[in-house]
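Read through the structure below, which is laid out as structure tokens, and then see the notes.
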Amino acid sequence: MTELYASTPMAIRDDLAAAHARAWAHVARPGSWWDGTTRVAIAGETRNASSCSLCRRRKEALSPFAIEGTHDSLGQLSEIVVEVVHRVRTDPGRLSERWYRGIVASGLSEEQYVEVVSVVAHTVAIDTMARGLGLEPTPLPAPEPGSPSHYRPKGAKPGSAWVPWIEPAGASASEAGIYPSDRPPANIMKAMSLVPDEVRSFFDLVTHQYLPGAVMRDFSREYRAISHAQIELLAARVSALNRCLY
């Protein structure tokens with residue numbers, strides 16, 4: 001058991017606790033396009049978004065574009081980053097390519113956008129587990145010093161997503177390990193490949209919260225406390241509630 005869940009009233013699988021610890025450490029470190037302080041601020045803003053009055057009014061409106069205003073933010077990030085964090089956190093089912101193009105036109109790079117989305121996703125995954133267990137949110141990690149690498153894969157090209165991505169054939173040695181070797185990568189993996197380290201970290205988290213790719217279709221045995229069928233039923237219901245078309 002890692003220190004992250006050492007005092008919980010229920011047993012947490014060691015591999016899952018370790019995966020959450022790695023994810024939190026990843027959020028705290030300088031990334032490819034944001035430093036550690038900004039990444040932790042993005043995580044904090046992700047939590048704050050749930051109490052934003054503008055987001056609440058937009059969520060209730062027929063279209064989020066019908067409601068103007070200013071987000072209730074913590075004041076640590078630019079307005080455009082706050083907009084991305086809040087929309088991805090509170091109303092992801094109604095994001096549109098038009099909205100995304102407007103974000104990029106406003107000065108946020110495609111690479112910065114992908115990294116923001118990834119930090120939001122890491123934070124939501126960790127916070128959702130805590131909420132489901134009836135625990136207080138895990139304290140935000142202390143940001144680590146250092147500068148972002150500004151690494152952009154040379155093989156990234158426009159594809160079927162809004163952002164450029166890497167096809168397996170276009171991956172260089174620097175992107176080694178971002179995709180499975182035994183099957184084609186799912187689009188949800190390729191969608192973050194503009195920032196390869198985010199693929200590595202987020203899908204490490206997915207592997208332990210869900211199932212490793214190699215065992216997803218192994219129906220000869222069960223790997224979790226609940227069955228494959230129960231896992232997929234829960235996943236399908238959560239996807240429907242979140243309007244996740246995938």
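If the condition is being open to solvent by 50 Å² or more (accessible area, probe 1.4 Å), within 28 Å of Y151 (Cβ to Cβ) and either modelled with pLDDT under 95 or not in a helix (DSSP H, G or I) (or both), then the stretch 32-70 contributes only D35. Scanning the stretch 222-238 for residues that are in a loop (DSSP other than H, G, I, E, B) and either open to solvent by less than 50 Å² (accessible area, probe 1.4 Å) or touching a residue at least 12 places away in the same chain (Cβ under 8 Å) (or both) yields Y223, R224, S227. Condition first: at pLDDT 95 or above and under 30 Å from S7 (Cα atoms). Can you find one or more residues in the stretch 158-166 that meet it? No, every residue in the stretch 158-166 fails to be at pLDDT 95 or above and under 30 Å from S7 (Cα atoms). Looking at S78, S96, just one residue is on the phi < 0 side of the Ramachandran plot, open to solvent by less than 40 Å² (accessible area, probe 1.4 Å) and out of contact with any Asp or Glu (no Cβ under 9 Å at 6 or more places or on another chain), and that residue is S96. For the stretch 3-16, state whether one or more residues are open to solvent by less than 30 Å² (accessible area, probe 1.4 Å), in a helix (DSSP H, G or I) and either touching a residue at least 40 places away in the same chain (Cβ under 8 Å) or closer than 27 Å to L95 by Cα (or both). Checking the stretch 3-16: at least one residue is open to solvent by less than 30 Å² (accessible area, probe 1.4 Å), in a helix (DSSP H, G or I) and either touching a residue at least 40 places away in the same chain (Cβ under 8 Å) or closer than 27 Å to L95 by Cα (or both).
This table checks each residue for (1) among the aliphatic types (A, V, I, L, M); (2) outside any helix (DSSP H, G or I); (3) without any contact (Cβ under 8 Å) to a residue 12 or more places away in the chain.
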{"site": "E198", "(1), (2), (3)": "no, no, no"}
{"site": "F202", "(1), (2), (3)": "no, no, no"}
{"site": "S220", "(1), (2), (3)": "no, yes, yes"}
{"site": "A240", "(1), (2), (3)": "yes, no, yes"}
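For residues in the stretch 97-132 being part of a helix (DSSP H, G or I) and among the polar types (S, T, N, Q), which is farthest from I12 (Cα to Cα)?
Q112
Listed here are the residues, each with its yes/no results for (1) modelled with pLDDT under 95; (2) closer than 22 Å to W34 by Cα; (3) open to solvent by 30 Å² or more (accessible area, probe 1.4 Å); (4) in contact with a strand residue (DSSP E or B) (Cβ under 7 Å, 6 or more places away or on another chain).
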{"site": "E136", "(1), (2), (3), (4)": "yes, no, yes, no"}
{"site": "H150", "(1), (2), (3), (4)": "no, yes, yes, no"}
{"site": "A186", "(1), (2), (3), (4)": "yes, no, yes, no"}
{"site": "M189", "(1), (2), (3), (4)": "yes, yes, no, no"}
{"site": "D197", "(1), (2), (3), (4)": "no, yes, yes, no"}
{"site": "S201", "(1), (2), (3), (4)": "no, yes, no, no"}
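Check the stretch 108-119 and report whether any residue there is farther than 25 Å from S193 by Cα, touching a residue at least 12 places away in the same chain (Cβ under 8 Å), surrounded by 12 or more Cβ atoms within 10 Å (Cβ to Cβ) and of a type in the set (A, V, I, L, M). So far as the stretch 108-119 goes, no, none of its residues is farther than 25 Å from S193 by Cα, touching a residue at least 12 places away in the same chain (Cβ under 8 Å), surrounded by 12 or more Cβ atoms within 10 Å (Cβ to Cβ) and of a type in the set (A, V, I, L, M).
The values are calculated or read from the model by the stated rules, or taken from the named source; none is laboratory data. Bear in mind the structure is a predicted one, so any value in this text is a computation, not a measurement. Every residue, glycine among them, receives a Cβ derived from its backbone with ideal geometry; neighbour counts consider all protein chains shown. Keep in mind that these areas ignore ligands, DNA and RNA; they rest on the heavy atoms of the full protein, side chains included. Shrake-Rupley method; radii C 1.70, N 1.55, O 1.52, S 1.80 Å.
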